[in-house]
Number of protein chains: 2
Amino acid sequence: MGMGRPRAFDADAALDQAMDVFWRHGYEGATIAQLTEAMNINPPSLYAAFGSKEGLLKAALDRYTEKRDAWMEKVLGASTAREVAERFLMEHADAQTDPANPPGCLLVQGGLACGTGSENVPFELAARRTRTEDQLHERFVRAKAERDLGESADPATLARYLSAVTSGMCVMASSGADRNALREIAAVSLKAFDEQAKG
Amino acid sequence: MGMGRPRAFDADAALDQAMDVFWRHGYEGATIAQLTEAMNINPPSLYAAFGSKEGLLKAALDRYTEKRDAWMEKVLGASTAREVAERFLMEHADAQTDPANPPGCLLVQGGLACGTGSENVPFELAARRTRTEDQLHERFVRAKAERDLGESADPATLARYLSAVTSGMCVMASSGADRNALREIAAVSLKAFDEQAKG
DNA sequence: AGATATCTGTAGTGTTCGCTACAGATGTGG
DNA sequence: CCACATCTGTAGCGAACACTACAGATATCT
């Protein structure tokens, strides 16, 4: 028995296009027509490969998370907690205003509040954001064990703070804030980090 | 000639209900059916009073801005820039987790990215957010003139930083962060403010 | 080559969306 | 009390939505 006709499009390349549409219009604002056009496929191919609009989002988020993990590895690889924070903030400022992508971040612009029936979407995005916060947290726990952070510095608070600031930068980016504006925010935030890290 | 049948519902009370729906589901996620049910009116009454779904949002935003201005007056009334920042941050932490409202803030949860045809909505929300930032800015300019801020402290940067942090707190609130979590973020941010304010 | 399994493109499906026509109700001004 | 202007509720409009039935195309496996 045969194995069937092979897929005629590259799933990862298609997901990159879908990511862009979700990012630019949000989950609910993105229509299947826009998605299929950007992905250069027809609806049946989309549904055969990803099951549903929400399934497509999850697949796109998985791919997004992959890329983000690779990026976070570089950030977390810094030798001090201070440099981790600095890289994290500055790289975010740049990434969120990179003209190659829509402004902000897919995990925020994708949708904070959704309509009835899509309640799962904001939840899914939040889970991915929490993942980043957890990665920072873990790194700061290590930093504290290495005496790289002060006695009373709380790794969870530091991680949450950085996560909040970068989320805020997403909102600013969607309002048209440019790279310099975000870098200024990052620089101020870094001072808070330093104060808090002394602990 | 007569003046016609008078409106049978209170427009402000109806707008409060509409605000809640837009806040909870976002602009695109909110349906006319949900809005009319919450407002306890029928579609023709909605359209006679507000023109369109987007017109209703703008009316709700106007009402939101009214309330917010009253609130900001209290915040900006503090005698020092430091206390302005503290009130601003802490009050935000409380307001965004007040069980009387959906989590976060209408100006953020309302929608950062929208579908084709609603591009105006994120723009409108951004304009209202900028208003708050401008109010802070103005207050910090005054603080600097009063030598309440350091020589090299930049009022614009401070205002933008606070605006970014509170926007970030909205994102955290929509992920389920509670009052204490947001207050921690506010406390850390306040340290950055202090450092920056020394200038 | 033939049988089989899966993909692809066309052309829709039913549902829900924002919005409105219409008729009756209810007020004001004369 | 009557003419008029505006609101209200019912009922439903066309359009756009997410999604799919179907037939033909294209690969694999024997």
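The values are calculated or read from the model by the stated rules, or taken from the named source; none is laboratory data. Note that the coordinates shown come from a computational prediction; the quantities given were computed from them, not determined experimentally. Cβ coordinates were reconstructed from backbone atoms using ideal geometry, including for glycine residues, and neighbour counts include every protein chain displayed. The accessibility values were calculated without ligands, DNA or RNA, using every heavy atom of the protein model including side chains. Shrake-Rupley method; radii C 1.70, N 1.55, O 1.52, S 1.80 Å.
Going by what's in this entry, would residue B:111 be described as at positive phi and open to solvent by 50 Å² or more (accessible area, probe 1.4 Å)? Outline the logic, then answer.
On the way: at positive phi: yes; open to solvent by 50 Å² or more (accessible area, probe 1.4 Å): no.
Taking the combined requirement at face value, the residue does not satisfy it.
This table checks each residue for (1) more than 13 Å from chain A (Cβ to nearest Cβ); (2) in contact (Cβ under 8 Å) with a residue 12 or more places away in the chain; (3) over 25 Å from the mean Cα position of the chain (by Cα).
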| position | (1), (2), (3) |
| --- | --- |
| B:6 | yes, no, yes |
| B:11 | yes, yes, no |
| B:20 | no, yes, no |
| B:27 | no, yes, no |
| B:33 | no, no, no |
| B:37 | no, no, no |
| B:40 | yes, yes, no |
| B:49 | yes, yes, no |
| B:54 | yes, yes, no |
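Of all helices (runs of 4 or more DSSP H) completely enclosed by the range B:1-92, which ones contain at least 1 residues that are open to solvent by 60 Å² or more (accessible area, probe 1.4 Å) and within 16 Å of DNA strand D (Cβ to nearest atom)?
Numbers: elements: B:11-29, B:32-39, B:43-50, B:53-76.
Those helices (runs of 4 or more DSSP H) span B:11-29, B:32-39, B:43-50.
What single numbered condition from (1) within 28 Å of residue A:154 (Cβ to Cβ); (2) away from every other protein chain (no Cβ under 11 Å) fails to hold for residue A:107?
(2)
Quick one: residue B:9 ticks every box in (1) away from DNA strand C (no atom under 12 Å from the Cβ); (2) closer than 28 Å to residue B:169 by Cβ bar one, so which box is it?
All conditions are met except number (2).
Mind counting the residues in the range A:118-165 that are farther than 21 Å from residue B:186 by Cβ, out of contact with any Cys (no Cβ under 8 Å at 6 or more places or on another chain) and β-branched (Val, Ile, Thr)?
The number of residues fulfilling the criteria is 1.
Within the range B:113-199, considering only helices (runs of 4 or more DSSP H) that don't extend past its boundaries, which have at least 2 residues that are touching a residue at least 40 places away in the same chain (Cβ under 8 Å), facing another protein chain (nearest Cβ under 8 Å) and touching a Gly at 6+ places or on another chain (Cβ under 8 Å)? Lay out the reasoning, then the answer.
Working: elements: B:120-145, B:155-174, B:179-198.
In the range B:113-199, the matching helices (runs of 4 or more DSSP H) lie at B:155-174.
I need the full set of residues from the range B:70-94 which are over 23 Å from residue B:177 (Cβ atoms) and free of Cβ contacts under 8 Å to residues at least 40 places away in the same chain, in order please.
B:70, B:73, B:74, B:77, B:78, B:79, B:83
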